[in-house]
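Student: Okay, handing you the structure first.
The values are calculated or read from the model by the stated rules, or taken from the named source; none is laboratory data. Predicted model, so just to flag it, every value in this text is computed and none were measured. SASA here: full protein model, heavy atoms, side chains in, ligands and nucleic acids out. Shrake-Rupley method; radii C 1.70, N 1.55, O 1.52, S 1.80 Å.
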Amino acid sequence: MALTFAMITLPAALAIPAAQAAVLPPAQDPFYAAPADLAAHPNGAVLGARPISLLGLPVPVSAWQLRYRTTDSEQHPQLDVTTVLVPPMPSNGPRPVLAYQVPENSLDTRCAPSATLRGAGGDIASTMQDAPFIADALRRGWAVVVSDYEGPQSRLFDGVTSGRGVLDGIRAARSYPATGINAASPIGAWGYSAGAFATLWATQLRHEYAPDVRFVGTSAGGIPTDIPAMAQRADGEAGAILILLGLARDEPGSRLADLLNNRGQHALLTADTSACGADQAKRYADVHIEDLAKVPNLLAQNAFRLAAAPNELGRTAPDTPMYLYHSLTDDKIPVAGYNALLGSYCAQGANLTAIHSLFPMHLGAAAGEAIGAMNFLADRFAGIPQAPGCVVH
């Protein structure tokens, strides 16, 4: 049975209000509660499962949510949730698996992909932007694994937590028999924007943290690099506030929170109550970083750079074939950081194809370059080798 974009996106848009009313947010859903013996389980262990309806609709896709153990960047055991989607058509050989990282852009678990893919949560519009790409993967016969890589504390731009969450979500999906995914299934990874951040962190950490999880290829675009430059570009928009509050909350050792004024401290204390991207766009329209800071030029302060530095991509080159892309006119993430990341990866011997996209701005490249990113993964799933070395267009 062929799947089309319309089968998922159009009915979902019509049915979302009803689905929202029926699904509890993660903070109120017992499925998300960590068991008392969480630390006793290995990373990737499945600790519970339930079937779900994708977007709360009767679409012809088998879907489950699995809760699993992972380890965050502070070495604490953590319970994450992943959503596994399997299309109805049989697979000729082991079914390919796409680890698809949805951009969460959130400091609140109600914005997690596991909530929005059930038709609930606080940022459905953002997830709906990914529905056509997920549908295309399912149409090709691939299983899709979408993990809540920010974890139960919604740690935005926490590189290690995100990467480990992705890798352990794959382990969980692979060990749950009902999905039909197993150790023979080839695995690819894809993400755009904040999803690219988690995707590349997983690709970087794979060899050290999860050598049993091998990627045949990784596609990533609109890649968050040079976090201070990103925040500067977004200053006056909600994105800058998300970055500031997330780093201040998640990197207490940096003392970044100490540089916030009373308004900034209040924003930090209430960040987890209304912090989806859509919420922030309303709440912090035309708010600048200086409005929340008690020191001038906060982004240049050592505390901000200390908070950002551990989460920057590029210190380790992945051992995975990669297809990377970024708009030359990206209005959210300066292309200079992308170029620096390519330089770092290539100097360390990575095998990658890099595109400097002519599609305009951040959203333009997301749509325009998706076919190339998907076809790259299809070739890797088919066993076609990537040319070695760095090819930069």
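Student: Contact order normalised by length for the chain, with contacts defined as Cα pairs under 8 Å and 6 or more residues apart; what percent is it?
Tutor: 15 percent
Student: Given the options Arg140, Arg118, Arg110, state which has the largest fluctuation in a GNM of the chain using a 10 Å cut-off (strictly under) for Cα springs.
Tutor: Answer for the Gaussian network model of the chain: Arg140.
Student: Another question, if that's okay. What is the distance in Å between the Cα centres of the range 334-393 and the range 197-243?
Tutor: 14 Å
Student: Of all accessible surface on the chain at a 1.4 Å probe, what whole percent is carbon and sulfur?
Tutor: The C+S portion of the solvent-accessible surface of the chain is 58 percent.
Student: Further, regarding this structure: When the helix-only estimate is applied to the chain (DSSP H runs of n ≥ 4, each -39,500 (n - 2.57), divided by the residue count), what is the mean residue ellipticity at 222 nm, nearest 500 deg cm²/dmol?
Tutor: On the way: 13 runs with 147 residues, N = 393.
It comes out at -11500 deg cm²/dmol, rounded to the nearest 500.
Student: Let me ask another. Per residue of the range 288-295, in order, report the coupling 6.51 cos²θ - 1.76 cosθ + 1.60 (Karplus, θ = phi - 60°) as ³J(HN,Hα) in whole Hz, putting x for Gly and Pro.
Tutor: Result, rounded to whole Hz: 9, 4, 4, 5, 10, 10, 9, 10.
Student: Sticking with this one: By DSSP, what percent of the beta bridges with both residues in the chain are antiparallel, rounded to the nearest 5?
Tutor: Values: 20 of 47 bridges.
The antiparallel fraction comes to roughly 45 percent.
Student: Could you state the accessible area per residue of the chain in Å², with a 1.4 Å probe and every protein chain left in place? Walk me through the intermediate numbers first.
Tutor: Values: 14890 Å² over 393 residues.
On a per-residue basis, the chain sits at 38 Å².
Student: Shifting gears a bit: Among Pro96, Pro318, Pro60, whose mean-square fluctuation peaks in a Gaussian network model of the chain (Cα, cutoff 10 Å)?
Tutor: Result for the chain, Cα springs under 10 Å: Pro60 fluctuates most.
Student: Mean Kyte-Doolittle of at least 1.0 plus a Cα span of 20 Å or more along the axis: flag which DSSP H helices in the chain meet both, please.
Tutor: The answer, listed by residue number, is 5-22.
Student: Report, by chain and number, residues whose modeled amide H sits under 5 Å from the one on Leu47, excluding near sequence neighbours (fewer than 5 apart, same chain).
Tutor: Arg67, Tyr68, Arg69
Student: What shape does the range 283-336 take by its C-alpha gyration tensor, where a ≥ b ≥ c are the square roots of the eigenvalues and a/c under 1.5 counts as rounded, a/b above b/c as prolate, and the rest as oblate?
Tutor: Numbers: a/c = 3.23, a/b = 1.63, b/c = 1.98.
Judged from the Cα gyration tensor, the range 283-336 comes out oblate (a/c at least 1.5, b/c at or above a/b).
Student: If the elastic network links every pair of Cα atoms under 10 Å, which of Gln204, Gln129, Gln301 fluctuates the most in the Gaussian network model of the chain?
Tutor: Gln301
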